[in-house]
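All of the numbers you see were taken from the coordinates with simple rules; none came from a lab. What you are looking at is a predicted structure, and each value in this text was computed from that prediction instead of being measured. Cβ coordinates were reconstructed from backbone atoms using ideal geometry, including for glycine residues, and neighbour counts include every protein chain displayed.
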Amino acid sequence: MMNTYDQLGQLYKAQGNQPQALRAFQQGLEIAQQLKYRVDYFTAQIQEMNPSN
C-alpha cells in the first residue's frame, strides 16, 4: 500500500495535481510511520509539496 501511495503521488505530481499528490504522500507517510520504514522519504516529498512548512 505504501508503495502504491508513492506511485500515485508521483503520478499526480507529474500531472501537476498538487492537492492529490500531497494527499497520496500523506497517506503513504501514515503507513511508513506505522512500519517505521521510509518515513524520511515521505516527509521529504510532503515538504517538497509544501515548502512553507
Review point. Quick one, which of (1) 26, 54, 19, 1; (2) 31, 57, 12; (3) 29, 43, 20, 7, 1 is the actual P(r) over Cα pairs in 10 Å bins from 0, in percent calculated for this model?
Key: (2)
Review point. Given +1 on the Cβ of Lys and Arg, -1 on the Cβ of Asp and Glu, and no further charges, what dipole in debye does region 2-49 carry about its Cα centre, rounded to the nearest 20?
Key: 60
Review point. If one takes the longest principal axis of the Cα atoms in the chain, at what angle in degrees, from 0 to 90 and to the nearest 10, does the Cα axis of helix 2-15 lie?
Key: 10
